[in-house]
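The structure appears below as structure tokens.
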Amino acid sequence: MSAPTVPGPAVADAPSGRLGPGPRRPTSRGERLGAVMAHHLYVYRRTWKGSVIGRFVSPLFFLLSMGLGLGALVDARAGGVEGLPYLRYVVPGIVAMQAMMLAFGDSTYAVMGYIKWNRMYSAMLSTPLRVGEVLWGHLLVVALQLGVATAIFLLVAAPFGAFGSWWVLLAVPVAVLTGMAFSVPTFALAAWLENDNGFSILFRFVMTPLMLFSGTFFPVDQLPGWMQPLAWVTPLWHGVELSRDASEGVWPGWAGVGHLGVLVLYVGVGAVLAHRSFTRRLLS
Amino acid sequence: MTDDVLLRARGLTKSFGDFTAVDGIDVQVLRGEAFGFLGPNGAGKSSTMKMVGCVSPVSGGELRILGMDPAADGAAIRARLGVCPQQDMLDEDLSVEENLWVYGRFFGLSRKEVRARTDELLDFAQLTERRHDRVEPLSGGMKRRLTIARALVNDPEVLLLDEPTTGLDPQARHVLWDRLYRLKREGVTLIITTHYMDEAEQLCDRLVVMDHGRIVAEGSPRELIDTYSTREVVELRFPVDEQERHVDAARAVAERVEELPDRLLAYTADGDETLARLHERGVRPLSSLVRRSTLEDVFLHLTGRSLVD
Ligand SMILES: Nc1ncnc2c1ncn2[C@@H]1O[C@H](COP(=O)(O)OP(=O)(O)O)[C@@H](O)[C@H]1O
Ligand SMILES: [Mg+2]
């Protein structure tokens, strides 16, 4: 049997600076959540250049083509939509839609990767972190992303006269909530799926129809009657309505409470499911 | 002193549905030991390590780590463990040092504490030159060393190593073994799983041999070899079809003979003498080799199979 190779002279001994045996300083939940968030922020910092196109340029394309290009036509022929110039009608809808698209983008392959490709979630769970902290630390960073991306979009669109009121600032929290109503259930799905084939189904048969039929580009009441309830039970239409009200500074009243309620329900039910599928998948 | 029992398992069991992966094992690991689980693929080593690492709930029996119950005090236990899982589980998008920084924060170390420790850990893992590089293109051996360095970020009392050198080339294995010796000298308790008998012999003070979820033998490598094997082994190769004919002759001159598909193993106290006596009986193998017994021979004797298939 061969002895281990003799190390060169520059090789360090085992790390010292021992914390020593015995119990460690207990950490608070906030500290642990912050540590998980720090990890994801490092990852975003490494990869943000690649995603800048999706975050910034593609909403700008929508703004130019839909808001200005199509808008000129709509305004000339129909005198706007619901009493608004088309630009002011469509841009708040695109704000909510962008939140949905970003949420799907950040909650599918990334989550599956942390579960089964690089298994970082498992590495995290070998530390004092709990499953809820691993889940929510990641979700909070997704929420932060949504907030930043929405704020940037508002800044880009405002000079075109896309918003009717300063209340449009409320479109930021609305977009975050709308995005999370997609993100949290998608985390649950990503942890439940065995492989990534399901994601293309999700993009093709959930995301794309929702983009088109949730009142983003035209009012839902233009849809055939049987399709309208689909808009009501999925989150995007509620986000679009709230976003549009914020943009015009219209107080939505009880309808607004209903919209918020649906979005919160998606987040709440999604959170329970995500916690369950994370636990089943990572701590079996 | 019960204080110095870091791990105690009694009747420890892990089931997945109807299948029992770990079938009632009893184990005790003392502070400062290098303790091994030696067994082939599927023996239940990783399942055991995950229960010890408090990331897999115990299905039955009793488990105490650092005197605590994983079901009740998992987080407090994990705070004092270092875990090097069978798969590296690094964030390959981050740099080498970023992997250490973020991991230290999970244990509640301050940014300052983590950065201070990073230099030392990188030095230990011989990765100082690569500290700013992304992890993805690093070699298997480097990633393994980084995983170990990361597991040390919280200065653990116990380091769990699940197949630390599987998949590495011989040179990378030796570098890694050398790192583990150093830790052992520093007084870190090591719990190692492996299916390499040489790794178990090199690193472990004491080990259990595992097969099909059960422990089939326990002791130091020396004790196990003394108990379950002879001092020496003669390996005899014959032309195909002829091996069968020489089994009886070998049995007559050795304490025990194992038949493998490609060779006979004759267990004996003195290999050269046994070989000479075989010659006297007119047995002419194609080749013969006298060597000392290893844990592989122990495993073969106990289970009738070899460790690595
Ligand atoms: N999550 C799981 N679900 C079902 N079976 C499992 C699971 N994990 C491990 N097993 C099975 O348990 C047995 C022991 O596996 P493992 O502990 O990984 O063995 P080892 O690490 O010794 O190779 C294997 O037969 C394996 O297929
Ligand atoms: Mg294993």
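The values are calculated or read from the model by the stated rules, or taken from the named source; none is laboratory data. Worth saying up front: this structure is predicted, and the values here are computed from it rather than measured. Note that we place each Cβ from the backbone using ideal geometry, even for glycine, and neighbour counts take in every protein chain shown. Protein only, heavy atoms only, side chains kept; ligands, DNA and RNA dropped before computing areas. Shrake-Rupley method; radii C 1.70, N 1.55, O 1.52, S 1.80 Å.
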* To do: Sort out for me the Cα centre separation of segment A:114-181 from segment B:267-309, rounded to whole Å.
  => 66 Å
* **Rg/Rh (Cα only; Kirkwood hydrodynamic radius) as it applies to segment B:226-303** => 0.93
* To do: For segment B:98-147, with all protein chains present and a 1.4 Å probe, just round the carbon and sulfur fraction of the accessible area to a whole percent.
  => 47 percent
* Structure fact -> The helix B:271-280 Cα axis meets the longest alpha-carbon principal axis of chain B at an angle in degrees, between 0 and 90 and rounded to 10, of 20 degrees
* **Between helix B:140-151 and chain B: long-axis angle, C-alpha atoms, 0 to 90°, nearest 10** => 50 degrees
* Asked: Can you pull the mean other chain C-beta count within 10 Å for peptide A:39-50?
  -> 3
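Would you mind giving the total buried accessible surface between chains A and B, with a 1.4 Å probe and ligands, DNA and RNA left out, rounded to the nearest 100 Å²?
4500 Å²
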* With the Cα gyration tensor of chain A in hand, give its eigenvalues times 5 under a square root as the equivalent ellipsoid semi-axes, listed largest first in whole angstrom. => 44, 20, 18
* Asked: In peptide B:91-104, what is the residue-averaged number of other protein chain Cβ atoms found within 10 Å of each Cβ?
  -> 5
* **More than 44 Å apart - percent of Cα-Cα pairs taken over the protein assembly as shown** => 37 percent
* Can you give the Kirkwood hydrodynamic radius of chain B from its Cα pairs, in Å with one decimal? -> 21.3 Å
* Would you calculate a helix-derived [θ] at 222 nm for chain A, using -39,500 (n - 2.57) for each DSSP H run of n ≥ 4 and dividing by the full residue count, to the nearest 500? => -20500 deg cm²/dmol
* Structure fact -> Relative contact order of chain B (C-alpha contacts under 8 Å, at least 6 apart) in percent is 20 percent
* Asked: About its Cα centre, what dipole magnitude does segment B:5-219 give when the only charges are +1 on Lys and Arg Cβ and -1 on Asp and Glu Cβ, stated in debye to the nearest 20?
  -> 480 debye
* To do: Return the average number of partner chain Cβ atoms within 10 angstrom of each residue Cβ along peptide B:179-186.
  => 3
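Quick check: residue separation of B:THR166 and B:ARG305 times 0.36 nm, minus the Cα distance between them. What number comes out in nm?
My answer for the length gained is 48.1 nm.
Taking Rh as the Kirkwood radius, which is the inverse of the mean 1/r over Cα pairs, what is the Rg/Rh value for segment B:1-155?
1.01
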* Mind checking the angle between helix B:243-253 and chain B's longest principal axis? C-alpha axes, 0 to 90 degrees, to the nearest 10. -> 90 degrees
* To do: Enter the accessible area per residue of segment B:2-57 (Å², integer; probe 1.4 Å; all protein chains in place).
  => 38 Å²
* Structure fact -> Ordered by number, the residues of segment A:235-284 that have at least 10 Å² less accessible area in the complete protein assembly than on their own chain alone (1.4 Å probe) are A:LEU283, A:SER284
* Measure off, as a whole percent, the carbon and sulfur share of the 1.4 Å-probe accessible area of segment B:226-303, all protein chains present. => 44 percent
* Structure fact -> Contact-by-burial set, segment A:119-156, min loss 40 Å², accessible area of protein heavy atoms with 1.4 Å probe, reference chain alone, gives A:ARG119, A:MET120, A:ALA123, A:SER126, A:THR127, A:PRO128
* Asked: Using the per-residue mean of other Cβ atoms lying within 10 Å as a proxy for protection, in what order, highest first, do the peptides B:48-54, A:193-199, A:118-124 fall?
  -> B:48-54, A:118-124, A:193-199
* Environment charge at A:VAL262 (Cβ cut-off 15 Å; Lys +1, Arg +1, Asp -1, Glu -1) -> -2
* **Axial C-alpha extent at least 15 Å, average Kyte-Doolittle at least 1.6 - helices from chain A (DSSP)** => A:131-157, A:171-192
